[in-house]
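Visitor: Please find one structure pasted underneath; my questions will follow.
The values are calculated or read from the model by the stated rules, or taken from the named source; none is laboratory data. Keep in mind it's a predicted model, so treat the numbers as computed, not measured. In this analysis, Cβ positions are derived from the backbone assuming ideal geometry, glycine residues included, and neighbour counts consider all displayed protein chains. Just so you know, the surface numbers come from the protein's heavy atoms only, side chains and all, with ligands and any DNA or RNA stripped out. Shrake-Rupley method; radii C 1.70, N 1.55, O 1.52, S 1.80 Å.
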Amino acid sequence: MIGIVVWYAIRYPFERRAKRVRIVSHRRSGLDRLALASALFGLAILPAFYVVTGIPRAADYPARSWAIFVGALMFALAMWIFRRTHKELGRNWSVTLEIRDRHELVCEGPYALIRHPMYTSFLLMGLGQAFLLSNWIAGPAGIVGFVVLFFARADKEERMMLEIFGSRYRDYMGRTKRIIPYLY
Ligand code: SAH
């Protein structure tokens with residue numbers, strides 16, 4: 001629950017500011033909306049519902065203190081990366097796939113190593129959630145939400161960036177990985 005509040009506190013100012021920057025091109029689609037909704041459902045709505053109601057109780061298993069410790073650490077790391085990606089993207093940030101007026105290609109900070117550090121933070125949140133919640137449904141739901149969002153989006157986002165930035169993005173792709181530094 002703390003994670004969800006901190007998540008929104010980080011995001012909110014960017015959402016407000018983003019409203020003032022003109023959008024010049026976008027790849028919004030029904031599929032993207034569905035993918036966003038599934039991430040929101042798996043990473044926030046379902047776990048919050050579980051924490052408040054304890055449902056589905058039949059899927060509970062005994063909690064372990066080491067797992068809660070590992071989950072909290074992962075979640076804290078995710079929040080830190082999430083905040084850094086917002087700061088680095090600044091006025092270029094969007095909830096969906098959009099190109100903004102005077103959009104700049106960001107290649108610094110976490111973006112120097114991977115092209116999708118914000119999605120990495122979602123993966124870490126999902127993993128953290130799986131460790132924090134000792135329930136076979138509410139626990140892994142975040143990872144499922146991440147998988148749907150990432151695979152519905154990454155290719156399309158990279159194609160959009162290639163169309164807009166051309167060889168600059170191609171070079172950038174050549175020297176970075178997608179979500180795990182040096183690996184993938
Ligand atoms: N995939 C990135 C960004 C997610 S926010 C990440 O996981 O960190 C989505 C928006 O960010 C897209 O609309 C796109 O316009 C913008 N974006 C993605 N990568 C970018 C980059 N390297 N520089 C500038 N904007 C970028």
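Visitor: When the dipole is taken about the Cα centre of the chain, and only Lys, Arg (+1) and Asp, Glu (-1) are charged at their Cβ, what size is it in debye, to the nearest 20?
Guide: Rounded to the nearest 20 debye, it is 500 debye.
Visitor: Identify, among PRO13, GLY109, PRO47, the residue whose Cα sits farthest towards the positive end of the charge dipole of the stretch 1-121, taking +1 on the Cβ of Lys and Arg and -1 on the Cβ of Asp and Glu, with the dipole about the Cα centre.
Guide: PRO13
Visitor: Could you work out the local net charge near GLY3, counting Lys and Arg as +1, Asp and Glu as -1, over the other residues with Cβ closer than 14 Å to its Cβ?
Guide: So the environment of GLY3 carries a net charge of +2.
Visitor: Angle check, please: helix 141-165 long axis (alpha carbons) against the longest principal axis of the chain (alpha carbons), in degrees 0 to 90, nearest 10.
Guide: Between helix and principal axis, roughly 0 degrees.
Visitor: Ignoring ligands, DNA and RNA, please state the percent of accessible area on the chain from carbon and sulfur, probe 1.4 Å.
Guide: 66 percent
Visitor: Something else now. Restricting to Cα pairs below 8 Å that are 6+ residues apart, what does the relative contact order work out to for the chain? Please round to a whole percent.
Guide: 33 percent
Visitor: Here is a further query. So if R0 is 25 Å, what FRET efficiency would ASP155 and ILE68 give, r being the distance between their Cβ atoms, rounded to the nearest 0.05?
Guide: Computed FRET efficiency for ASP155 and ILE68: 0.10.
Visitor: Looking at GLY71, THR96, PHE82, which one has the Cα that reaches farthest to the positive end of the dipole of the stretch 61-123 (charges on Cβ: Lys, Arg +1; Asp, Glu -1)?
Guide: GLY71
Visitor: How far is helix 65-89 tilted off the main Cα axis of the chain, in degrees rounded to 10, range 0 to 90?
Guide: Its long axis makes an angle of about 20 degrees.
Visitor: Show me 118-124, 26-32 ranked by packing, highest mean number of other Cβ atoms within 10 Å first.
Guide: The packing order, highest mean first, is 118-124, 26-32.
Visitor: Any idea what diffusion coefficient the stretch 7-57 gets from Stokes-Einstein, in µm²/s, Kirkwood Rh on alpha carbon pairs, 37 °C, 0.692 mPa s?
Guide: Approximately 243 µm²/s, per Stokes-Einstein.
Visitor: Per residue, how many Å² of accessible area does the chain show with a 1.4 Å probe?
Guide: Per-residue accessible area for the chain comes out at 56 Å².
Visitor: Under the √(5λ) rule applied to the eigenvalues of the Cα gyration tensor, what semi-axes describe the equivalent ellipsoid of the chain? Give them in Å, descending.
Guide: After scaling each eigenvalue by five and taking roots: 31, 17, 15 Å.
Visitor: Any chance you could look up the accessible area of LEU77 with a 1.4 Å probe, heavy atoms only, rounded to 10 Å²?
Guide: Roll a 1.4 Å probe over it and LEU77 shows about 80 Å².
Visitor: Related question: Give the angle, between 0 and 90 degrees and rounded to the nearest 10, that separates the Cα long axis of helix 117-132 from the longest principal axis of the Cα atoms of the chain.
Guide: Result, in degrees: 0.
Visitor: Among the GluC sites (Glu not before Pro) within the stretch 86-159, which fall in a DSSP loop and have no more than 10 other Cβ atoms within 10 Å of their own Cβ?
Guide: GLU108
Visitor: Something else now. Report the trypsin sites (Lys or Arg not before Pro) located in the stretch 99-153 that are in a DSSP loop and have at most 12 other Cβ atoms inside 10 Å of their Cβ, or state none.
Guide: Those that pass, being in a loop and sparsely packed, are ARG102.
Visitor: If r is the Cβ-Cβ distance from ARG91 to LEU113 and R0 is 30 Å, what FRET efficiency results, to the nearest 0.05?
Guide: For ARG91 and LEU113, the calculated efficiency is 0.85.
Visitor: Here's a follow-up. Using a ≥ b ≥ c from the Cα gyration tensor of the stretch 70-157 (square roots of the eigenvalues), is it rounded, prolate or oblate, where a/c under 1.5 gives rounded and otherwise the larger of a/b and b/c decides, a/b for prolate?
Guide: Prolate, because a/c is 1.5 or more and a/b exceeds b/c.
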